[in-house]
Structure formats: structure tokens, C-alpha cells
Amino acid sequence: MADQSVFRITKELSELQKNSDLSLAVACQDIDVRNVKALIIGPHDTPYEFGFFEFNFKFNKDYPRKSPAVTATTTNGGRCRFNPNIYANGRVCLSILGTWRGERGEEWSAAQGLESILLSIQSLMSSNPYENEPGFEDANETSDKKNQKDYVQKIRHETLRISVIQRLEEYLGIGVDGQITAPVINKDDYELDMDVMDDDSSVPFEPFKDLCKRRFLWYYESYLITIQKGKEEVKDGTPFTRMPFEGSSNTMEGKFNYSELERRLRNIKKALDAEMEGWATEGLAAKAKEDTVAVNLQRQYEQVVESFKSSVSPNNLALVDNNPFVWDLTYFGKPMTQLDGGLFRIKIHFSPRFPEEQPRFRFETRLFHHRISSDGTPCYFSALGRREDVKSHIEAVVEALEEEQPPYDPRTLVNPEAYKLYWGSADDRKIYNRRLRRSVQQSVEDF
């Protein structure tokens, strides 16, 4: 039975990690498949929008005959209840987990699994979570309507403060004063101690660190829009309203302070930009020492250049300052498309910890496109199982640019203005196309 449970868990993990779902991620440490970390990115048009919510799964030997134990860890140290069904102590109340009484047929069965649990939890993150509390499903009194609005407001605030800002500040070592306290690695003291690197027992297991950083860059403008909306709805210093179902130790308490959240959010953006630029300095030191990653990137660079030549591609690639950790890609707009005639310069930044930390693309040439943020960060999906292949990343970015009939997916909302026009009315789409074409024409003049 034990071997069967391990096989089942491993299979489910593999399937989820290959899945192109942009809102779910799972990971386990080495061969410890019974202890799994999972990340749910909050759904669009809810107070949880683009928040990062982490959960721990502990599978017993009787799985899948018995459900795993699930604990929410995005709780601000046990002080924040994000949902009527997700307690401050981490308890997740779901009938399929046996943590809540449900209707007949809603209990756990061996046909269910990790993904079904994650989707069930994600479904709790609705536009009106007030209704999740038993007995409040049809609450429609005047006081209930006010509570629903107040509940959404404070969840939206804490989603930003705790699940996004606090998480990223911890990742980046940003203190309460906005200063980065993490040690800075420079060219003079860059040393790779392989014995230390191999012994990772003292290193915290943070499998979603790079993913959250990259998604933060995707959703940065959406976060700012949420803050602006919050400022218009409630004044800074206003206390949160306690809900009827919240207890003294199982609640969401605090005060609104969107001005402070905006300051901290902008500091995170600056820190991420500085981190990306710092990779170049680290990269030169790694190159001088003929580090494995530096050699690998140099080899891949030469292979991509050769592939451009052999395919008679007009695109061009060069190293910035002969540094294999910073590539300069010139992309020529595809003929017979909206990009025809455009000329775009794209910087590709690599971390010395590639591929654990994925490359970050940045359009130096401004392009009004629903898949490119205003700061030039593209929203693309790297090929499954090829995270270490730089050529596949480049191809994925180009594919995102050139895709003529993409499926509607609010998780790709990286440029709110362009996205709204692209997916709006027929007249909105015409406006989008005109602005896209103007930016394409401008790209040649600006190049």
C-alpha cells in the first residue's frame, strides 16, 4: 500500500507540474513526496486577485484511500483568516478533506487527488466569500450587504499586504524602512563553495520564490490599480469591520493603509529591477571563474546564433559587454501580421542560478501589446520540461507576440489597458489595433 501511495503521489505531482495552469504550482523536496507545498494564485475579479497563497499537504500511507492533511500557511503567522473556510490557524474546511460536514456524495473518494483539492480550495476564493460561511449563503439583509462589501475590502487589502508584499519583501530582504538587508554579492567576493552549495540542509525550502517574483512583474500594474481603487473606497486608518462569523482568535483584524502599501509595492519593483541588473555583475564574476552556468549560457548563446543563421531568420542576437548573462535580441516583426515592419530590442537577463531562477525578458523598445506590460515585461509560457533551454524561451516570447487568436485567459492580464481593449467590444479592438500599429511604426524610428 505504501509503495502504491508513493507512486500515486509522484504521478499526480508530475502531471500538475506539466500542466499549463497558470494559477497552480506544486513542489516537494528531493524524494520527500509525502510532504508537498502548493501555491494557488488568486483568481481574477475577486478580492484574492493575483495573490500568492501557499498550502502544505501531508500524505499518509493510506493515500488515496484517505485524504491528505492540508494546512494553509499564508496566514500572517496565524493571525489572519483569509476566508470563512480557511482559518487563521491554517485549518482548511472542506468536506472532501473530512474537515467539514458536507452533503452525501461530497466526501473524499480515491478518484480525487491533489489537483481536485487545489481546485476546491481555489473555488473558495470567490468574488463574494462572505457567502462561504454556513448559514450566510442566502444572507440578503441590509446589514449583510454592507458586511459583504466590507469583507471584500479587507480581504483585498490583506491579499496585497500579506500574500504579495510581505512575501516579496521576505524574498528580497527588504526591511520595514524599505532598505535591502540581504547580502550583496559583488565581483570581488564572488566565490562558489561547492561543499556549501551541496549541503542545503540549512537552506529554507522556497520552491515558489522565483515564480512569485516573475508573476509580481506580470501583475504589478494590476496591483497598483487595486491600490488606487482601495484609496477611492476607504480612507487610510479606517479599522477593518469584524464579520459576524469571526472569533477573537480566528479573524482578520487591522486598519486600511493603501498609501503605505503603494510605497512598499514600488520598493519591491525597484528591488526586482536592481536584482536583475545585479545578475550582470555576478555573471561577469562567474564567467571569469569559468563557472558551469556561464559556460552553459555561452554555449547556448552560440547555438541560438547559429540557428538564426541556418534558418535565415532576420532576428539578431548579441552579448551585452561580452557577458553571457545578458543577451540583446533584435526581433523583426513577422510579415503579414500587425507586427510587420517593426523592429524591437529585447534584453534577456540571466541569473547565476539559472535555470532554478528563470530568465527575465525586458522589451527595451516600447510596444503596446496585451501580452507585454508597460515596463516591457512579456507574459509567456516556457515550454514544459525545457526550462533550461533558452531557445525555447525565446520561441515562447515570439509566439506570445504573434499569436493571432489566443484563448481568453485573465491570468495573462499584464497590461490592463491593452488587455481591456483587446478583449472588449469590436470598437475597442479597432482602437487596440491602431495603437499597436502606431507603436510598431514608432519602433523603427526609436531603434
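Quick notes on this one:
- Projected onto its three principal axes, the C-alpha set of the range 318-433 covers 46, 29, 23 Å, listed from the longest axis down.
- The heavy atoms of residue 226 present about 20 square angstrom of accessible area, all protein chains included, probe 1.4 Å.
- Protection proxy ranking for 65-76, 3-14, using the average of other Cβ atoms within 10 Å per residue and placing the highest first: 65-76, 3-14.
- Angstrom value of the Kirkwood radius, inverse mean 1/r, which spans all Cα pairs in the range 1-153: 16.5
- Of the residues 334, 209, the one with the largest accessible area comes first in the ranking 334, 209, computed with a 1.4 Å probe on protein heavy atoms.
- The chain: relative contact order in percent, alpha carbon pairs under 8 Å with at least 6 residues between: 11
- Ranked by solvent-accessible area (1.4 Å probe, protein heavy atoms only, all chains present), the residues 269, 154, 235, 289 order from largest to smallest as 235, 289, 269, 154.
- Of the DSSP H helices in the chain, those whose Cα atoms cover at least 20 Å axially and whose Kyte score averages -1.0 or more: 2-18, 209-233, 258-288, 292-310
- Cα-based reach from residue 287 at 24 Å (exclusive), listing lysines while leaving out same-chain residues under 8 positions away: 187, 347, 391
- For the pair the range 226-285 and the range 321-336, the centres of their Cα atoms are 35 angstrom apart.
- The listed peptides 81-90, 308-317, ordered by packing as a protection proxy, come out as 81-90, 308-317 (highest mean of other Cβ atoms within 10 Å first).
- Net dipole in debye of the range 324-447 [+1 Lys, Arg Cβ; -1 Asp, Glu Cβ; about Cα centre; nearest 20]: 220
- What you get for the chain, charging only the Cβ of Lys and Arg (+1) and of Asp and Glu (-1), is a dipole of about 1040 debye around the Cα centre.
- When shorter helices are ignored and each DSSP H run of at least 4 residues is given -39500 (n - 2.57), the per-residue value for the chain at 222 nm works out to -12500 deg cm²/dmol.
- Ordering 171-180, 138-147 by mean Cβ neighbour count within 10 Å, with the highest value first, yields 171-180, 138-147.
- Divided by 2.2 N^0.38 Å, where N counts the residues, the Cα radius of gyration of the range 297-364 comes to 1.18.
- Here the ratio of the Cα radius of gyration of the chain to 2.2 N^0.38 Å is 1.06.
- Excluding same-chain neighbours fewer than eight residues apart, the lysines reachable from residue 430 by a Cα-Cα span under 25 Å are 334, 420.
- Qualifying lysines (Cα of each under 19 Å from Cα of residue 154; at least 8 residues distant if same chain): 145, 146, 229, 231, 235, 255
- Share of alpha-carbon pairs per 5 Å distance bin for the range 8-48, given as whole %: 6, 21, 28, 19, 13, 8, 5, 1
The values are calculated or read from the model by the stated rules, or taken from the named source; none is laboratory data. Computed from a predicted model, the values in this text were never measured in an experiment. Neighbour counts run over all protein chains shown; Cβ positions are idealised from the backbone, glycine included. Side chains included, ligands, DNA and RNA excluded: accessible areas come from the protein's heavy atoms. Shrake-Rupley method; radii C 1.70, N 1.55, O 1.52, S 1.80 Å.
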